[in-house]
Amino acid sequence: MSTVTPVLDLRGVHKSFGPVAVLHDVDFVAYPGEVTALVGDNGAGKTTLVKCIAGIVRLDRGQYLFEGRPVRITTPREASALGIEVVHQDLALCDNLDIVQNMFLGRERRRGMVLDEAEMEEVAADILAGLSVRMSGSVRQPVWALSGGQRQTVAIARAVLGDSKVVILDEPSSALGVTQTRQVLELVRRLADRGMAVVLISHNMNDVFAVSDRIAALYLGRMVAQVRTADVTHAQVVELITAGRSETLEARRDGRPGGRRSAGPLRAGAVPEAAEPPA
Amino acid sequence: MMKAGPSQEEIRRHNLGALLRFVHVRGPASRAILAENLGLNRSTIMALTSDLTAAGLVREELPRTPGRRAGRPSLVVRPESTRVYVLAFDVGVDRLTVARVGLGGVILDRREAARGRVAASGGASGAADPNEMVNALAAAARSLVRKAGDEATCVGAALAFPGIVRRSDDQVMFGPNLDVGGMAIGEVLSRRLGLGVPVAVCNDANLGAIAEHERGAGVGVNDLIYLHGDVGVGGGIITGGRLLGGEDGYGGEIGHMVVNPGGRRCACGSRGCLEAEVGERTLLDLAGRQESPDVPGREAVRAVVDAAARGDVVARDALHRVGTWLGRGVADLVNIFNPGMVIFGGTLRDVYLGAAAQIRSEVATGALAASRERVKLRTAALGDDTTLVGAAEFAFADVLADPVQVLARLRGAPASAPVP
Ligand SMILES: Nc1ncnc2c1ncn2[C@@H]1O[C@H](COP(=O)(O)OP(=O)(O)OP(=O)(O)O)[C@@H](O)[C@H]1O
Ligand SMILES: [Mg+2]
Ligand SMILES: [Zn+2]
């Protein structure tokens, strides 16, 4: 894994709103082909970090590497041009337009001067089918008629269409029904399996464990751990979220008999002090 | 086998099969792509393609969606999906499905029927009359065949069964959740169809493993484990790209791996089997729900998972317990087989999505760090059709092994009249 260059690599990010420090010395990485879950209590700074990544909010200090190259992103347009797509819960879809129009908004296909409606429709249907998404009804229905899950699916399909490299979903399931959540989770996993880097913000630990490869935990604006999901338990992640540290995780990492340190150790981030290895 | 080199005829047969298999599994492909992937030169590909075309197995045509690249698109070799098909039977405890699946793996048409469960009275439920089941399957299949018309040829049939099946004679040896009383289902069904094709019988979860490996979440993963939840828990293990069958074909009965010694009694007679700790009845029991003859198990399980997601504490506790045992089982499997992927299908797909935190926590603590490092946990990409698609793949085996011969035989031999 260490030979793979992260798509997103943020180092030492600081962000304050006026006198209020919201992000403090935050490191964050996301790899292609992986789902990285970004977790933390309310107000921990998750949305702010995502807004920094997406150019909606400007970071005060810190390095931003995209595919290994330093970049300066100051507007959403710049982020989008790099292939970063953000799916917010309050989805920015145009209610009066249909599914196809929403997917192609701003990047319509043309044949000469006229829009190539037939091709756009075919491509839209192909993408939805490729994502194993079942839309009851045609791709020509206006999006106001869609359920929350279907709207989300359209937003995600937009990301696929744009050949995005990074898709960030900020709490996709908070307003969804149970079945829709399942559908979105499987979709998220499929996107990553096709090689995208997916960042998933969620308060639902079950969703996090269902699809993530890595978990990044923010606690009061500090990144307290970025670990491989395969190496942690539910209880440990809850400790990281609520207390900013997990003693069992630190003990295990530092010297569990027989368990060699696996890839993706806790990134130093802001773990206050490492526990002594047991004698 | 004598140690003589393969004859020209054998080589040709092998190549025909390889080409047909390629377009069957991977979809339409140009001659150039075929040549590259099969390691044959263009003129050989051309000869093979024309043989397969003459036999009515493939056809060459322009691609349907022209590539976005400029220039003249080249012809693609496409499987004759509507003219060459198999019959796939899927026997679930609550549901019978029969499908006509075209070459290339397209489900062309299907019939489904709910199976009423015989109410459980202490013993195993689902002990419905096997004759009735075969009648229903045969009737559905015949209606599919009729609809297909005379132009289309049925080249094989297979049935997915939730029980252990002896490889040598396709005999169902044990089906705790569905007793067929020693009936040779495959033979009976084949006679009833009268299409001149045998009906192979195979364990459903083994077929699920094959399907997910060829067309689902596990494409390209040569070591994977498929777990299938129906009333019981079945398993299929693929190692080194091949299904692990064992001495008699009974391999992969993961449902009867003991995860909780002295735990709940299992239909197999043992205690604490994975199936006994995570199966449908246990989940419903823990959630304080009755098994009902009116609500198919799949829906009953989904209802518990949904209730848990909405915050129902009883359902949540039940799901957590089941998830913990399932995680222990998976941890053991990861240690023993070092799979690249573990796939959850059937009702376990819902259980996984609803209890992933418990499952993965157990894997994190119970599996060796090295073995768990790269294992991917996934839900079945073929959804509710994994075992059905697996049956279809199995049914295609003959025609893929010897395409031209099999087709000539089936088209030449007048079909015997179906036995009513
Ligand atoms: N534009 C702003 N001006 C001032 N303070 C802000 C602004 N945006 C966010 N904050 C503050 O920054 C902190 C982090 O907020 P953020 O939205 O990033 O948290 P979060 O982790 O996404 O929380 P939640 O889980 O509730 O969505 C909060 O204390 C919030 O009040
Ligand atoms: Mg937020
Ligand atoms: Zn058992």
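For A:ARG110, the conditions (1) in the same structural domain as A:LEU49 (by TED's automatic domain parsing); (2) open to solvent by 60 Å² or more (accessible area, probe 1.4 Å) are fulfilled apart from (1). Quickly run through region B:270-288 and pick out the residues that are crowded, with 23+ Cβ neighbours inside 10 Å, part of a helix (DSSP H, G or I) and either of a type outside the set (Val, Ile, Thr) or within 16 Å of ligand 2 (Cβ to nearest atom) (or both). Residues satisfying the conditions are B:LEU274, B:GLU275, B:ALA276, B:GLU277, B:GLU280, B:LEU283. Filtered by the rule that a residue be without any contact (Cβ under 8 Å) to a residue 40 or more places away in the chain, away from every other protein chain (no Cβ under 14 Å) and under 13 Å from B:GLY229 (Cα atoms), region B:280-303 gives a lone residue, B:ALA300. Does B:LEU377 satisfy the condition of being open to solvent by 10 Å² or more (accessible area, probe 1.4 Å), out of contact with any Leu (no Cβ under 6 Å at 6 or more places or on another chain) and at pLDDT 95 or above? In short, yes. Residue count for region B:240-267 under the criterion of being in contact with an Asp or Glu (Cβ under 8 Å, 6 or more places away or on another chain) and within 13 Å of ligand 3 (Cβ to nearest atom): the result is 9.
Checking each residue in region A:190-236 for being among the β-branched types (Val, Ile, Thr) and touching a strand residue (DSSP E or B) at 6+ places or on another chain (Cβ under 6 Å) picks out A:VAL198, A:VAL199, A:ILE201, A:VAL208, A:VAL211, A:ILE215, A:VAL224, A:VAL227, A:THR229. Pairs meeting the criteria (first residue in region A:243-262 and more than 13 Å from chain B (Cβ to nearest Cβ), second residue at pLDDT 75 or above, beta carbons under 6 Å, at least 6 apart or on different chains) are A:GLY244/A:TYR219; A:GLY244/A:VAL224. Checked against (1) touching a Ser or Thr at 6+ places or on another chain (Cβ under 7 Å); (2) within 11 Å of chain A (Cβ to nearest Cβ), B:ALA276 meets all criteria but (2).
Taken over region B:250-265, the criterion of being part of a loop (DSSP other than H, G, I, E, B) and either within 16 Å of ligand 2 (Cβ to nearest atom) or buried (at least 21 other Cβ atoms within 10 Å of the Cβ) (or both) is satisfied by B:GLY252, B:GLU253, B:VAL259.
Residues in region A:42-49: is at least one open to solvent by less than 50 Å² (accessible area, probe 1.4 Å), touching a helix residue (DSSP H, G or I) at 6+ places or on another chain (Cβ under 9 Å), farther than 29 Å from B:LEU377 by Cβ and away from ligand 3 (no atom under 16 Å from the Cβ)? No, there is no match, as no residue in region A:42-49 is open to solvent by less than 50 Å² (accessible area, probe 1.4 Å), touching a helix residue (DSSP H, G or I) at 6+ places or on another chain (Cβ under 9 Å), farther than 29 Å from B:LEU377 by Cβ and away from ligand 3 (no atom under 16 Å from the Cβ). Taken over region B:304-320, the criterion of being open to solvent by 40 Å² or more (accessible area, probe 1.4 Å) and without any contact (Cβ under 8 Å) to a residue 40 or more places away in the chain is satisfied by B:ARG310, B:ASP312, B:VAL313, B:VAL314, B:ARG316, B:ASP317, B:HIS320.
Annotation: of all residues in region A:155-197 being within 26 Å of A:ASP41 (Cβ to Cβ) and touching a Lys or Arg at 6+ places or on another chain (Cβ under 8 Å), the one that is farthest from ligand 1 (Cβ to nearest atom) is A:ARG189. Entry remark, region B:341-388: residues being in contact with a His (Cβ under 6 Å, 6 or more places away or on another chain) and more than 8 Å from chain A (Cβ to nearest Cβ) number 2 in total. A:GLY18 falls short of the stated requirement of being crowded, with 24+ Cβ neighbours inside 10 Å, near ligand 1 (Cβ under 8 Å from one of its atoms), away from chain B (no Cβ under 14 Å) and not aliphatic (A, V, I, L, M). Each residue in region A:161-180 was checked for being open to solvent by 20 Å² or more (accessible area, probe 1.4 Å) and either within 15 Å of the chain's Cα centre (by Cα) or within 14 Å of chain B (Cβ to nearest Cβ) (or both), and 12 of them qualify. I'm trying to understand the selection: among the residues of region A:50-66, which are more than 15 Å from A:GLY221 (Cα to Cα), open to solvent by 70 Å² or more (accessible area, probe 1.4 Å) and away from ligand 2 (no atom under 16 Å from the Cβ)? Within region A:50-66, A:ARG58, A:GLN63 qualify. Within region B:227-240, the residues that satisfy the criterion of being in contact (Cβ under 8 Å) with a residue 24 or more places away in the chain and within 19 Å of B:VAL342 (Cβ to Cβ) are B:LEU227, B:HIS228, B:GLY229, B:ASP230, B:GLY232, B:VAL233, B:GLY234, B:GLY235, B:GLY236, B:ILE237, B:ILE238, B:THR239.
So that you can scan it fast, the table gives a plain yes or no per residue for (1) outside any helix (DSSP H, G or I); (2) open to solvent by less than 20 Å² (accessible area, probe 1.4 Å); (3) in contact (Cβ under 8 Å) with a residue 60 or more places away in the chain:
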position	(1), (2), (3)
B:GLU9	no, no, no
B:LEU16	no, yes, yes
B:LEU20	no, yes, yes
B:VAL25	no, no, yes
B:LEU40	yes, no, no
B:ILE45	no, yes, no
B:SER50	no, no, no
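Just to check your reading of the model, which residue among A:ALA155, A:ALA197, A:ALA192 is more than 16 Å from ligand 2 (Cβ to nearest atom), within 16 Å of A:VAL86 (Cα to Cα), open to solvent by less than 30 Å² (accessible area, probe 1.4 Å) and assigned by TED's automatic domain parsing to the domain that holds A:LEU128? Step by step, each of A:ALA155, A:ALA197, A:ALA192 is checked, and only A:ALA155 is more than 16 Å from ligand 2 (Cβ to nearest atom), within 16 Å of A:VAL86 (Cα to Cα), open to solvent by less than 30 Å² (accessible area, probe 1.4 Å) and assigned by TED's automatic domain parsing to the domain that holds A:LEU128. Here is a check on your reading of the model: is B:ASP317 part of a helix (DSSP H, G or I), at pLDDT 95 or above and out of contact with any Leu (no Cβ under 8 Å at 6 or more places or on another chain)? Criteria not met by B:ASP317.
When A:SER164 is tested against (1) under 21 Å from A:THR48 (Cβ atoms); (2) in contact with a strand residue (DSSP E or B) (Cβ under 7 Å, 6 or more places away or on another chain); (3) not β-branched (Val, Ile, Thr), just one condition goes unmet, and that condition is (1).
Out of the residues in region A:206-221 that are open to solvent by 20 Å² or more (accessible area, probe 1.4 Å) and away from ligand 2 (no atom under 16 Å from the Cβ), which is nearest to the other protein chains (Cβ to nearest Cβ)? For region A:206-221, the residue satisfying everything is A:ASN206.
The values are calculated or read from the model by the stated rules, or taken from the named source; none is laboratory data. Remember, it's a predicted structure, so these values are computed and weren't measured experimentally. Every residue, glycine among them, receives a Cβ derived from its backbone with ideal geometry; neighbour counts consider all protein chains shown. The area values use the complete protein model at the heavy-atom level, side chains included, leaving out ligands, DNA and RNA. Shrake-Rupley method; radii C 1.70, N 1.55, O 1.52, S 1.80 Å.
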